[in-house]
Amino acid sequence: MTAPVGAVFYFELKYGDSKGNVTAGDKLVKDFNRTYSSEYIDHETIGTSNGALQTFTKGGLPLAWLPVRVTKVKVFTLIAGVTTQVGADDGAGNITGAALSAGTINYTTGAISVTFNVAPAAGDVYVTYEYVSEASSNVPTVNIDIALVAVTAKSRKIKALWSSEAADDLKSLHGVNLKAA
């Protein structure tokens, strides 16, 4: 630093899109998600169970990343911190599983609906899936911001002690006269 006050500038990388467990604006280095740049969506909520609901349709909206890759959709519940797979797509647009009475996925539009035999306890109902990136206009982005942190120097006192042998070694090995420095 050339003055007692300065600044350190650095790049701050942030996720540009919400995708799976990633929320747009999260810091890439702090909240790193290894699947963000892949075709895999690691967690997309389709509903929240209150213990009475049996049918979940992602709030009437389709899945976010389209088109969906055939046979890659899996349905899970997250209840009291426990994740359980309850269904999977059969390749014909049906989502089947022992806990489900019905389920469908439209691979092109992303419309999804699952109906449970018995309403799951309070918690999240979510899917994992893959999308076909070659056929999609969605491309996950990273935003690069320039941030700064102010730096202020503080005066400190310190005393250095050395032996005459250390001074001789420094002079003979590096050509530096410690007494002159």
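The values are calculated or read from the model by the stated rules, or taken from the named source; none is laboratory data. For clarity, every value in this text was computed on a predicted model and none was experimentally measured. Neighbour counts run over all protein chains shown; Cβ positions are idealised from the backbone, glycine included. Please note that ligands, DNA and RNA were not included when accessible areas were found on the heavy atoms of the full protein model with its side chains. Shrake-Rupley method; radii C 1.70, N 1.55, O 1.52, S 1.80 Å.
Treating only the Cβ atoms of Lys and Arg (+1) and Asp and Glu (-1) as charged, compute the dipole magnitude of the chain about its Cα centre; round to the nearest 20 debye.
Values: 15 positive and 16 negative charges, 177 e Å.
Roughly 860 debye for the chain.
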For this session: Calculate, for the chain, the solvent-accessible area per residue in square angstrom, rolling a 1.4 angstrom probe over the heavy atoms of the protein chains.
Result: 63
Exercise. If you roll a 1.4 Å probe over region 94-151 with all protein chains in place, what percent of the accessible area is carbon or sulfur?
Worked result: 58
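What FRET efficiency, computed as 1/(1 + (r/R0)^6) with R0 = 22 Å and r the Cβ-Cβ distance, is obtained for E134 and S18, rounded to the nearest 0.05?
Details: r = 22 Å, r/R0 = 0.98.
Using R0 = 22 Å, I get an efficiency of 0.55.
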Problem set entry | Spin-label model distance (nm) - F9 vs N177, 7 Å beyond Cα toward Cβ | 4.2
Exercise. Which of the peptides 91-104, 131-144 is most tightly packed, and how do the rest follow, going by the mean number of other Cβ atoms within 10 Å of each residue?
Worked result: 91-104, 131-144
Exercise. Probe 1.4 Å, all protein chains in place: accessible area of Y40 in Å², nearest 10?
Worked result: 80
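Mind giving me the FRET efficiency for A121 and Q85? R0 is 22 Å, r the Cβ-Cβ distance, nearest 0.05 is fine.
Working: r = 16 Å, r/R0 = 0.72.
About 0.85, to the nearest 0.05.
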For this session: Could you tell me how many degrees, from 0 to 90 and to the nearest 10, lie between the Cα long axis of helix 164-174 and the main elongation axis, the longest principal axis, of the Cα atoms of the chain?
Result: 70
Seminar exercise, completed: Expressed as a whole-number percentage, the relative contact order of the chain with C-alpha contacts under 8 angstrom and at least six residues apart is 29
For this session: Send over the semi-axes of region 1-114's equivalent ellipsoid, whole angstrom and largest first, taken as the square roots of 5 times the C-alpha gyration tensor eigenvalues.
Result: 38, 16, 12
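Starting from 0.36 nm per residue, how many nanometres of slack lie between D26 and K74 once their C-alpha separation is accounted for? All intermediate terms of the calculation are to be shown ahead of the outcome.
On the way: separation 48, 0.36 × 48 = 17.28 nm, distance 2.55 nm.
The D26-K74 span can extend by a further 14.7 nm.
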For this session: Just order 114-126, 42-54 by mean Cβ neighbour count inside 10 Å, highest at the front, would you?
Result: 114-126, 42-54
Seminar exercise, completed: One checks the Cα atoms of region 102-181 and finds Rg and Dmax, in Å, of 34.0, 87
